[in-house]
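First up is the structure itself, then whatever we jot down about it.
The values are calculated or read from the model by the stated rules, or taken from the named source; none is laboratory data. Bear in mind that the values here come from a model prediction, so they are computed numbers and not experimental data. Reconstructed Cβ throughout: ideal geometry from the backbone, glycine too, with neighbour counts over all protein chains shown. What goes into the accessible areas is simple: the full protein's heavy atoms, side chains included, and nothing from ligands, DNA or RNA. Shrake-Rupley method; radii C 1.70, N 1.55, O 1.52, S 1.80 Å.
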Amino acid sequence: MTPFFHVGRYSQLMYRTFTVPQRWKIFVKQTWKEMEKLGADSLPITLLISVFIGAIMTMQTQMNSENPLLPRYTTGLVTRDTLLLEFCSSILCLILAGKVGSNIASEIGTMRITEQIDALDIMGVNSANYLILPKIAGFVLFIPVLVVYSMFFGLLGGYGVSLFTDLITPSTYIYGIQYWFIPWYVYYSLIKAVVFAFIISSVSSYYGYYAYGGALDVGKASTSAVVNSSILILLFNLILTKLLLT
Amino acid sequence: MIELQDIHKSFDGREVIKGINAVFHTGQTNLIIGQSGSGKTVLLKCVVGLLNPDSGDILYDNRSLSAMDKNERVTLRTEMGMLFQGSALFDSMTIRDNVLFPLHMFSNLSDKEQVKRAMYCLERVGLGESASLFPAEVSGGMQKRAAIARAISLNPRYLFCDEPNSGLDPLTSIKIDELITDITQEFGMTTVINTHDMNSVLTMGEKICFIYQGDKAWEGNREELYESDNERLNEFVFASKMMQKKTRKQVQ
């Protein structure tokens, strides 16, 4: 199947997905559920990874910037900007593409092969709208929360390094993360994350929705969902950076 | 009444359904029988609208499926109930919520009335006490009964069953068959059943269509089945020793 085939079928699926829900009450309830399942349940892994990456980034930056011409606060500044510009949106979303993407693709794929989606269609329910829209809405609405927490905990990880090692003093680190702060970086990161969340949830839903066969095929759909979401995240990262930063 | 008019369906150039005509009457259990791979499931999927036939038409009480717009199709689908081969219950919901689902989506009943209707359907299939269990916590037979309860919750005019007895023991199969027959008469539905279970054929077959390699090879009722001289049909019907014994007894 050519990429054009997938683009066409994906567009058709999204056209069916973005219609007015048949029952708003059910849609809102489903969206809350998805926010909890895809968003809130991803919070522990997000915080854990953010703390460690923040700490490691601080250590590595400090160890690699021993040039006396560089001010001591450079470490805090570099850690902050790297976290804000790249880690808390792109890298975090690449990680979440694995967790959330495989979850969505396998759930919808299993529903497909066990005829649960056919059952919805027979009832007259718009299965794409009922199953996919709450997932996209839930994840896109919750991703800013994950990104903000990731920023805070990433910076906290770096602060931990300054507290528990003698690489950098806490006051220098705090000065560094406050120095020349550009608020737009936060918005830039949030915009990117929202786009990536849409990619993860919609692309994974697409692969799950058109899964065909048995358990093995659901596994394949899940893998395709993660791989293609990741590739699209990288591609859109480039496009958005060009559009928003340069 | 459901009328099939010259239905054709092909996949990748291979013709799976070759111009089938049939009429399924209201208040009857209409069976589509045939060997595995004969095209029964494809035909049923065409009838319910999950697959679009390449040519031909399906009339639901003289309403043409091919002439219906999107909204008319949604309305028609609320008049349908379907029992899938694997039950197709939503495994994230309890049995009660499964039955409530179509009511939530399409009925204008109050929440209290919806629950009352769901419990009535569950009690009708003998699952009143298992309402709070999840599909994975009940047996295959109970799952089928729960799926029947869900299928009848909106009081459908048409009931479709795809291999309702697959994976069930003979005793449970008989119970499911009886339940489908009773419900068909009680609710005055047009029921179409896809099966290759000969017990079902002989107990429920008020109208039988035998499909052979995508074509309708024979049509009749269970009494006519014994007397038919259709070679293909006899090959299929009398394949098992049990059926051969049964026929011998009947002849004697």
Task: Percent of Cα-Cα distances greater than 22 Å, calculated over the stretch A:17-109 - done: 49 percent
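Please compute one quarter of the surface area of the Cα convex hull for the protein assembly as shown and express it in square nanometres.
Details: hull surface 116.7 nm².
Directional mean of the projected Cα hull area for the protein assembly as shown stands at 29.2 nm².
So, R0 is 30 Å and r is the distance between the beta-carbons of residue B:235 and residue B:55; what FRET efficiency does that work out to, to 0.05? Mind showing how you got there, number by number?
On the way: r = 30 Å, r/R0 = 0.98.
With a Förster radius of 30 Å, E is 0.50.
If you take every DSSP beta bridge fully contained in chain B, what fraction is antiparallel? Give it as a percent rounded to 5.
Details: 20 of 38 bridges.
Antiparallel bridges: around 55 percent, rounded to the nearest 5.
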Open item on the list: Considering all projection directions equally, how large on average is the shadow of the alpha-carbon convex hull of chain A, in square nanometres?
Closed with: 15.3 nm²
- [ ] Please express the Cα-Cα pair-distance distribution P(r) of chain B as a list of whole percents, one per 5 Å bin, running from 0 to the bin with the greatest distance.
- [x] 1, 6, 13, 17, 18, 16, 13, 9, 5, 2, 1, 0
Open item on the list: Explain nothing, just the number: dipole magnitude of the protein assembly as shown about its Cα centre with +1 on each Lys and Arg Cβ and -1 on each Asp and Glu Cβ, in debye rounded to the nearest 20.
Closed with: 840 debye
Open item on the list: Just to verify a number: FRET efficiency for residue A:243 and residue A:7, C-beta to C-beta distance, R0 = 25 Å, to 0.05?
Closed with: 0.75
- [ ] Leaving ligands, DNA and RNA out of it, work out the accessible area of residue A:25 with a 1.4 Å probe and give it in Å² to the nearest 10.
- [x] 150 Å²
TODO: With springs connecting C-alpha atoms under 10 Å apart, model chain A as a Gaussian network and identify which of A:218, A:145, A:194 has the largest mean-square fluctuation.
DONE: A:145
Open item on the list: Give me a comma-separated list of calculated 3J(HN,Hα) values for the stretch A:237-246, in order, Karplus coefficients 6.51, -1.76, 1.60 applied at θ = phi - 60°, integers in Hz, x for any Gly or Pro.
Closed with: 4, 5, 5, 5, 5, 5, 6, 9, 10, 9
TODO: Calculate I(q)/I(0) for the stretch B:90-155 by the Debye formula, one identical point scatterer on each C-alpha and no solvent, and give its log10 at q = 0.16, 0.26, 0.27 Å⁻¹ to two decimals.
DONE: -0.42, -1.10, -1.18
Open item on the list: Name the residue from B:136, B:212, B:191 whose Cα lies farthest towards the positive end of the charge dipole of chain B, charges +1 on Cβ of Lys and Arg and -1 on Cβ of Asp and Glu.
Closed with: B:136
Task: Dipole-positive endmost among B:230, B:94, B:53 within chain B (Cβ charges, Cα centre) - done: B:94
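Assign unit charges at the C-beta atoms only (+1 for Lys and Arg, -1 for Asp and Glu), then state the dipole size of the stretch B:90-155 relative to its Cα centre in Debye, rounded to the nearest 20. Write out the running numbers ahead of the final one.
Details: 8 positive and 7 negative charges, 45 e Å.
I would put it at about 220 debye.
With +1 assigned to the C-beta of every Lys and Arg and -1 to the C-beta of every Asp and Glu, and no other charges, what is the dipole magnitude of chain A about the Cα centre in debye, to the nearest 20? Please list the in-between numbers first.
Working: 15 positive and 12 negative charges, 99 e Å.
Charge dipole, chain A, about its Cα centre: 480 debye, nearest 20.
Students sometimes get this wrong: rank A:32, A:180, B:218 by accessible area, probe 1.4 Å, all chains present, largest first.
Values: A:32 165, A:180 195, B:218 35 Å².
Output order, biggest surface exposure first: A:180, A:32, B:218.
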TODO: Select from B:173, B:200, B:110 the residue whose mean-square fluctuation is largest in a Gaussian network model of chain B (Cα-Cα springs shorter than 10 Å).
DONE: B:110
TODO: Compute the length gained on full extension between residue B:63 and residue B:75: take 0.36 nm times their separation in residues and subtract their Cα-Cα distance, giving the result in nm to one decimal.
DONE: 3.1 nm
Open item on the list: Given the options A:126, A:162, A:225, identify the residue whose Cα lies farthest towards the positive end of the charge dipole of the protein assembly as shown (+1 on Cβ of Lys, Arg; -1 on Cβ of Asp, Glu).
Closed with: A:162
Open item on the list: Please check: in the Gaussian network model of chain B (C-alpha springs, under 10 Å), which one of B:151, B:118, B:136 has the largest mean-square fluctuation.
Closed with: B:136
- [ ] Find the percent of Cα-Cα distances in the stretch A:119-246 that exceed 25 Å, and round it to a whole number.
- [x] 47 percent
Open item on the list: Just to check I understand the Karplus step: with θ = phi - 60° and J = 6.51 cos²θ - 1.76 cosθ + 1.60, what whole-Hz values come out for the stretch B:86-103, glycine and proline as x?
Closed with: x, 6, 6, 6, 6, 6, 8, 10, 6, 4, 4, 5, 4, 6, 6, 3, x, 5
Open item on the list: Whole-Hz ³J(HN,Hα) for each residue in the stretch A:141-154, computed from phi via Karplus 6.51 cos²θ - 1.76 cosθ + 1.60 with θ = phi - 60°, x for glycine and proline: what do you get?
Closed with: 6, 8, 4, x, 5, 4, 5, 5, 4, 4, 4, 4, 6, x
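Once you list every other residue whose beta carbon is under 11 Å from the beta carbon of residue B:124, what net charge do they have if Lys and Arg are +1 and Asp and Glu are -1?
That works out to -1.
Could you tally the net charge around residue A:56, taking each other residue with its Cβ under 15 Å from the Cβ of residue A:56, Lys/Arg +1 and Asp/Glu -1? Could you put the intermediate results ahead of the total?
Numbers: positive: A:80; negative: A:86.
That works out to 0.
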Open item on the list: Please list, ordered by chain and number, the residues whose modelled amide H lies under 5 Å from the amide H of residue B:215; skip anything fewer than 5 residues away on the same chain.
Closed with: B:18
Task: Exposure ranking of B:11, B:101 by accessible area [1.4 Å probe, largest first] - done: B:11, B:101
Task: Heavy atoms of residue B:6 accessible to a 1.4 Å probe, total area in Å² rounded to 10 - done: 70 Å²
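What does the charge count near residue B:163 come to, summing +1 for each Lys or Arg and -1 for each Asp or Glu among other residues with Cβ under 9 Å from its Cβ?
Neighbourhood net charge equals -1.
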Open item on the list: What is the ratio of the Cα radius of gyration of the stretch B:43-142 to 2.2 N^0.38 Å, with N the residue count, to two decimals?
Closed with: 1.28
- [ ] Run the numbers on the stretch B:90-155 and let me know its relative contact order in percent, using alpha-carbon pairs under 8 Å that are six or more apart.
- [x] 48 percent
Task: Long-range HN-HN contacts of residue B:191 with modeled amide H, under 5 Å - done: B:27, B:28, B:30, B:159
